[in-house]
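As structure tokens, the structure follows; a few thoughts come after it.
The values are calculated or read from the model by the stated rules, or taken from the named source; none is laboratory data. Bear in mind that the values here come from a model prediction, so they are computed numbers and not experimental data. Cβ placement follows ideal geometry from the backbone for every residue including glycine, while neighbour counts extend to all protein chains displayed.
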Amino acid sequence: MLNSRLVSLLNSVFGDVNIENVQLCLNMWIREALPCEESAFAIVNSDSENCHVQIRGVHKLSPSISIGTVQLWRHVFREVEEVTFKNLPNKMKRYVKNIFEFGVSEPAVTSHAIYDESGTNLVGLLFIRHQSSTSEQTVDPAILAAHVKVAAKLICMTITTERTIGHVDFAATMLQLFTDAFKRANDVHQVASILCATAKKLISCEECNLHFFDRDKNEFILYSNNGSEQTQPRLPTTDAMLGEVLSTKEILNVTRPDNAAAEASLVSPSEKRTSYSKKADSLASMTILSLGARHANHFNSLAFPLVNKGETMAIIEMHNKVDTQNFTPNDTNIVSMLQPFYVTCFAHSLRLKYLREMKDKLTMSPNLLAITAIGIEEKDALTLSMYPIQKIERFVVSFTYSVQEMSIHDTLKMGMAMFFDTGFASILRTEKKKLARFLLSVKEGYRNVPYHNWYHAFGVAHFCFVLMKKIPEIRKYYDNTECISMFVACFCHDMDHRGTTNAFQVQSSTQLAKQFSTEGSILECHHFAQAMDVLNRPESNIFSELSADDFRTAMSAIRDVIRASDLANYFRIQPELTKLTEKGIDLSDQRHRCMLRSLLMTACDLSDQVKCWRTSKAAARRVYEEFFAQGDLEKAMNREPMEVMDRNKADVIKSQLQFFDRVVLPVFKTLSTFLPRMTKAYESGCNNRLCYEIMEQVVNDYGKNFVNKSDLRMLTDVDIENKVLAILQQKKSEQLSIKRLRNRRRSPRWQKTSSM
């Protein structure tokens, strides 16, 4: 009978090899063959390492019954493979009673361990409820052992089969991953989304993100399927989780505290998430909460790096595992299997992105190359280089000095002088002729537009020069290569500017937009490309004597500083800068250093607005001339320009007041917090803002000739200027009188207090 039953069993098992069917078949076979009342298998979940009973006899249990961890049962069977009910620990007795739902104090139940083929790993348990009124089972031990052995073999075979099928499914998933990722390899953001979606498919979780590591800026960029790289959220390398993975290059599994998990299991499913979030405040201080506010809604996290040739390309974070309290060792194993596939896909996409950018740069409009190659004659460079290096006059080293009245030739001579006065020419070990050719090439790279021309570039570079002269700390905060790069970037930061905005490039689908739209800051990318064209030519490469590493550092810094001249970059980092004004800046932190450098560039770019009011007005007039020219062009293209660019609708004074409130004053106020010697520049900006406020009233009261608020003549009208300055002086006199009066009123009380 045993053999016939066994054949029938094998036919049933191999007819449908899945763990539930095999358990049902074995339970029926054991019941008939021994015989016994009932049997049940507990299968070890490799994901959670908990033991679960899904089938009891012929009944499928929903939900399954958990009977503790494999570690607990491994301890029970450490010396034997069979344990009677009375020899079980009390905790295990409760588990067994829960399986069979009986009230007998000492039932006739035997527990049997099921090991894998190696005989070392516990993969399951078999519980047999015998036909006996006492606690002792009456089946012949040899027969019982034979049946248990058959059952164990079939259970192990089924588990192995399902794992093999799982590997096949994994291989199919990887094949689909490669198909999808390589099909969309030209869009690295879509590839990132594919990687995250695949990870969530294999490991169910609520959230999965890929953070690209920008090595040049030393920060992480969240890659998603929408938006340009410029608009994506960024995180510093000091971020707790990302920083740890970046440092170790290892998988990081952040779990719930055991006590929080235990307490969470006591509440209903609907209350579990809310309850745990409250308990986490006190229970998870060394786990999730120690990672910072970014992880406030994360209850468990798994992060792993994508490392190619020893360099971390990106880090993928997974948060809030579904249906289990933590990410498990099995999840970590899956991630380990994923990593090489992910590295291949992501590295391929990044490589294509790099090649595409190089191609765009090589096919870039060659108009600047032609201008600089033909326009710079040998005699011009020779003449400029032969002029004696002039001494920088004291009045020139001033935040209020305006370069607009200088001749072009004088700006070039002063440019040479500034390189030598700062010691940059000596540090670079560059020839005077090469420096002269560099300055001439950069100058020729600027178009004849009202504002973004050579004079603007030279004025920005001059302000940077004054910063380094007046505030020596800057030369201490940044090394020579960084300071020189910042200075050079100021000269180059608007090269080949067309007098139109980034938004115009995008809306008009210009060639520049096609080349640089994926990088954001379209014009700034173009300005940097033009600067690189000059610096890549031997005759004008003033960095040629630097080592390869220093040259790469310099080019990276120049790129970052030029990009920082896009106000969108300032608005992006403004919240972080505001926080730093409160808690202090740490210049040993690379992220803080980069933000301060960006802020310095923004201040240099806006410097005309903190000089005298006449200089501020003149700069504003040139800006609006460009704005109105763009507005006219947009109208010709049947587009509605922004109000500030419409010469018939713009309110120039109101726009200036808004510009000061939103940009100029916050920039210089923040900078003066970090560098107190910039306080006077901030106060000068406040003074100019007051002048525009007075001017608005003067124009309303006296400027009847200026019916149109966009009339730029009001910015050059001498009568209006004199009236504004007279009112300003009167206000200052009144404020001074009030201040003196207050001081006199306080003085007697102070003396009286002192005499006491």
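Structure data summary
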{"quantity": "Scope the range 503-532; condition assigned to a loop (DSSP other than H, G, I, E, B) and in contact with a Lys or Arg (Cβ under 7 Å, 6 or more places away or on another chain); matching residues", "calculated": "SER521"}
{"quantity": "Tabulated pairs, the range 665-691, first not assigned by TED's automatic domain parsing to the domain that holds LEU587, second surrounded by fewer than 22 Cβ atoms within 10 Å (Cβ to Cβ) and among the charged types (D, E, K, R), C-beta under 6 angstrom, 6+ apart or interchain", "calculated": "TYR682/LYS669"}
{"quantity": "Top-ranked residue of the range 49-93 - restricted to ones that are charged (D, E, K, R) and not in a strand (DSSP E or B), ranked as farthest from SER111 (Cα to Cα)", "calculated": "GLU49"}
{"quantity": "Given (1) surrounded by 16 or more Cβ atoms within 10 Å (Cβ to Cβ); (2) in contact with a Ser or Thr (Cβ under 7 Å, 6 or more places away or on another chain); (3) not in a helix (DSSP H, G or I), index of the condition THR500 fails", "calculated": "(2)"}
{"quantity": "Test: residue in the range 121-137 that is in a loop (DSSP other than H, G, I, E, B), within 21 Å of LEU72 (Cα to Cα) and at pLDDT 85 or above", "calculated": "yes"}
{"quantity": "Test: residue in the range 11-27 that is surrounded by 16 or more Cβ atoms within 10 Å (Cβ to Cβ), touching a helix residue (DSSP H, G or I) at 6+ places or on another chain (Cβ under 9 Å), hydroxyl-bearing (Ser, Thr, Tyr) and modelled with pLDDT under 90", "calculated": "yes"}
{"quantity": "Total residues in the range 423-445, condition polar (S, T, N, Q) and touching a helix residue (DSSP H, G or I) at 6+ places or on another chain (Cβ under 7 Å)", "calculated": "1"}
{"quantity": "Verdict on VAL644 being among the β-branched types (Val, Ile, Thr) and touching a residue at least 40 places away in the same chain (Cβ under 8 Å)", "calculated": "no"}
{"quantity": "Residue identified as farther than 25 Å from ALA33 by Cα, of a type outside the set (A, V, I, L, M, F, W, C), surrounded by 15 or more Cβ atoms within 10 Å (Cβ to Cβ) and touching an Asp or Glu at 6+ places or on another chain (Cβ under 9 Å) among HIS130, HIS189", "calculated": "HIS189"}
{"quantity": "Subset of the range 533-549 that is surrounded by fewer than 17 Cβ atoms within 10 Å (Cβ to Cβ) and assigned to a helix (DSSP H, G or I) - its residue that is farthest from the chain's Cα centre (by Cα)", "calculated": "GLU539"}
{"quantity": "Candidate set: the range 179-209, residues that are in a helix (DSSP H, G or I) and of a type in the set (Gly, Ala, Ser); chosen: the one modelled with the lowest pLDDT", "calculated": "ALA181"}
{"quantity": "First in the range 240-253 and assigned by TED's automatic domain parsing to the domain that holds ASN300, second anywhere and of a type in the set (D, E, K, R), Cβ under 6 Å, 6 or more apart", "calculated": "LEU252/GLU244"}
{"quantity": "Residue tally, condition crowded, with 19+ Cβ neighbours inside 10 Å, out of contact with any Gly (no Cβ under 8 Å at 6 or more places or on another chain) and not in a loop (DSSP other than H, G, I, E, B), over the range 592-633", "calculated": "25"}
{"quantity": "Options PHE463, PHE424; residue that is touching a Ser or Thr at 6+ places or on another chain (Cβ under 6 Å) and in contact (Cβ under 8 Å) with a residue 60 or more places away in the chain", "calculated": "PHE463"}
{"quantity": "Per-region count, the range 84-99, residues without any contact (Cβ under 8 Å) to a residue 40 or more places away in the chain and surrounded by fewer than 19 Cβ atoms within 10 Å (Cβ to Cβ)", "calculated": "9"}
{"quantity": "Selection within the range 313-331 - among the β-branched types (Val, Ile, Thr) and surrounded by fewer than 17 Cβ atoms within 10 Å (Cβ to Cβ)", "calculated": "VAL322, THR324"}
{"quantity": "Filter result for the condition that a residue is within 30 Å of SER508 (Cα to Cα), free of Cβ contacts under 8 Å to residues at least 40 places away in the same chain, polar (S, T, N, Q) and not assigned by TED's automatic domain parsing to the domain that holds PRO666, over SER598, SER565", "calculated": "SER598"}
{"quantity": "Sole residue being modelled with pLDDT under 90, crowded, with 22+ Cβ neighbours inside 10 Å and either out of contact with any strand residue (DSSP E or B) (no Cβ under 6 Å at 6 or more places or on another chain) or not basic (Lys, Arg) (or both), chosen from PHE491, PHE516", "calculated": "PHE516"}
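Yes/no matrix, rows are residues, columns are (1) part of a loop (DSSP other than H, G, I, E, B); (2) at pLDDT 95 or above; (3) surrounded by fewer than 23 Cβ atoms within 10 Å (Cβ to Cβ):
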{"site": "PHE395", "(1), (2), (3)": "no, no, yes"}
{"site": "THR400", "(1), (2), (3)": "yes, no, yes"}
{"site": "HIS409", "(1), (2), (3)": "no, no, yes"}
{"site": "MET416", "(1), (2), (3)": "no, yes, yes"}
{"site": "PHE419", "(1), (2), (3)": "no, yes, no"}
{"site": "GLY459", "(1), (2), (3)": "no, yes, no"}
{"site": "HIS462", "(1), (2), (3)": "no, yes, no"}
